[in-house]
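**Student:** Shown below is the structure under consideration.
The values are calculated or read from the model by the stated rules, or taken from the named source; none is laboratory data. It should be emphasised that the depicted structure is a prediction, and the values quoted were computed from it without experimental measurement. Neighbour counts are summed over all protein chains in view; Cβ atoms, including those assigned to glycine, are modelled from backbone coordinates with ideal geometry. In case anyone asks, the SASA skips ligands and DNA or RNA and just uses the protein heavy atoms, side chains included. Shrake-Rupley method; radii C 1.70, N 1.55, O 1.52, S 1.80 Å.
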Amino acid sequence: MTIYTDYLWFQTRERQEFIRITDEIAAIVKTSGVKEGMVLVSAMHITSGVFVNDWEDGLIHDFQVWLEKLAPQGLDYAHRQTGEDNADAHIKRQVMGREVVVAITAGKLDFGTWEQIFYGEFDGRRKKRVLVKIIGE
Amino acid sequence: MTIYTDYLWFQTRERQEFIRITDEIAAIVKTSGVKEGMVLVSAMHITSGVFVNDWEDGLIHDFQVWLEKLAPQGLDYAHRQTGEDNADAHIKRQVMGREVVVAITAGKLDFGTWEQIFYGEFDGRRKKRVLVKIIGE
Amino acid sequence: MTIYTDYLWFQTRERQEFIRITDEIAAIVKTSGVKEGMVLVSAMHITSGVFVNDWEDGLIHDFQVWLEKLAPQGLDYAHRQTGEDNADAHIKRQVMGREVVVAITAGKLDFGTWEQIFYGEFDGRRKKRVLVKIIGE
């Protein structure tokens, strides 16, 4: 049984950005030597997330417009009383998801044709981290 | 340590359908011989998902009405510029979830009384696949 | 390989409550003796969930206000025809999430600074259960 741990770092230029990380995760799986198992890919911050969806700029735009309507920035959130203006980012990340668990089969991410892993940043412009934990053999 | 992989195929008649798959997953767990561990059940497409909720027709209807209001089909999504009219399906699946991880205890899905696993289709009428990955002993 | 199972019980006073359970999960991880692996923390009911977000009362209030707007209690849901008045709770739990999978590294929950695990109750005032399943070595 092999258990392997790694971390990815991000510092986005924009407050909100979706970054494709499929290749980075595939490379870590390869390094781990695990042929059969699972990989957990998880944000380590509560205003960013990890999700699987489509690598298409129009759809990424649609998601961001939809999220802004669903949980707008700048409303009079109670969280603001702590001095934080990122309540919307906490909510957006919750909708998109904190983590994904992806199967590893025959040494590769066992993905359908269009599945891509994304880091979803909702309150960026500072260093943030994603955890990668692999379990298998 | 046992790692076991299987796939389920779906082709729905309707664009949107929720299909109960608890029995299929339980059967795969039995076949795997795993008594203690976890099973990952994951959509392999980005316009369908897997989730756990209630097997009750009224509630399934409520979810579908609610999702249609939340992310209506036919809006002027940017994704449409690629020729795709399924941006709403990408969003609906994200809200409902891509995957579930279910515990296996004493050879069975370790579920509460009302937990049922569903395949959630949001852009059907074509062949689609779900991955089942079991890890344990 | 170690696989360890435990359960937590909850009975909230309010219909909707968010309860921090990070310390309880950390204690179970310690008891399991697992140094490297993963822990699945999952609701066993379909009107409650488990999620990771911020331990800040204002933000918890913001989430609850936002969820009430997103899926209000007391609408004319079809689920009501079964005698159940908790369709909103099923939807709210789906948005917030059923389960989290957290990495265990060097014997501890491998968390960022602000990550906290919550039990999210959306139809409480009765006994409900959370499953904790640990896999690792």
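**Student:** Read through the list (1) open to solvent by 30 Å² or more (accessible area, probe 1.4 Å); (2) closer than 26 Å to C:Q116 by Cα, then give the number of the only condition that A:S42 fails.
**Tutor:** Of (1) open to solvent by 30 Å² or more (accessible area, probe 1.4 Å); (2) closer than 26 Å to C:Q116 by Cα, only one is false for A:S42: (1).
**Student:** Just to verify a result, which residue in region A:123-137, among those that are outside any loop (DSSP other than H, G, I, E, B) and more than 10 Å from chain B (Cβ to nearest Cβ), is surrounded by the most Cβ atoms within 10 Å (Cβ to Cβ)?
**Tutor:** Residues of region A:123-137 that are outside any loop (DSSP other than H, G, I, E, B), as a first pass: A:128-136.
Next, from what is left, pick out any that are more than 10 Å from chain B (Cβ to nearest Cβ): A:128-134.
Details: A:K128: 20, A:R129: 14, A:V130: 25, A:L131: 21, A:V132: 21, A:K133: 28, A:I134: 25.
It comes out as A:K133.
**Student:** Another question, then. Take region C:56-86 and flag every residue that is touching a Gly at 6+ places or on another chain (Cβ under 8 Å) and open to solvent by less than 10 Å² (accessible area, probe 1.4 Å).
**Tutor:** C:H79
**Student:** What is the number of the single condition among (1) at the interface with another protein chain (Cβ under 9 Å from one of its Cβ atoms); (2) open to solvent by less than 10 Å² (accessible area, probe 1.4 Å); (3) farther than 22 Å from A:K69 by Cα that C:N53 does not meet?
**Tutor:** The number of the failed condition is (3).
**Student:** Please list, ordered by first then second residue, the pairs with beta carbon atoms under 6 Å, 6 or more apart or interchain, first in region C:64-77 and more than 10 Å from every other protein chain (Cβ to nearest Cβ), second exposed (fewer than 13 other Cβ atoms within 10 Å of the Cβ) and of a type in the set (S, T, Y).
**Tutor:** none
**Student:** Just give me the residues in region B:8-28 being within 10 Å of B:R125 (Cα to Cα) and of a type outside the set (D, E, K, R), in sequence order.
**Tutor:** B:F10, B:Q11, B:T12, B:Q16
**Student:** Quick one: count up the residues across region B:80-101 that are of a type in the set (V, I, T) and away from chain C (no Cβ under 14 Å).
**Tutor:** Within region B:80-101, the first condition is being of a type in the set (V, I, T), and the residues that meet it are B:82, B:91, B:95, B:100-101.
Now drop any that are not away from chain C (no Cβ under 14 Å), which leaves B:82.
Residues that pass the stated criteria total 1.
**Student:** I would also like to ask the following. Would you check which residues across region C:102-122 are surrounded by fewer than 23 Cβ atoms within 10 Å (Cβ to Cβ) and either within 9 Å of chain A (Cβ to nearest Cβ) or assigned to a loop (DSSP other than H, G, I, E, B) (or both) and list them?
**Tutor:** Correct list: C:T105, C:A106, C:G107, C:D110, C:F111, C:G112, C:T113, C:W114, C:E115, C:Q116.
**Student:** Follow-up question, since we're still on this one. Quick one: count up the residues across region A:1-32 that are open to solvent by 70 Å² or more (accessible area, probe 1.4 Å), among the polar types (S, T, N, Q) and closer than 22 Å to C:M38 by Cβ.
**Tutor:** Of the residues in region A:1-32, 1 are open to solvent by 70 Å² or more (accessible area, probe 1.4 Å), among the polar types (S, T, N, Q) and closer than 22 Å to C:M38 by Cβ.
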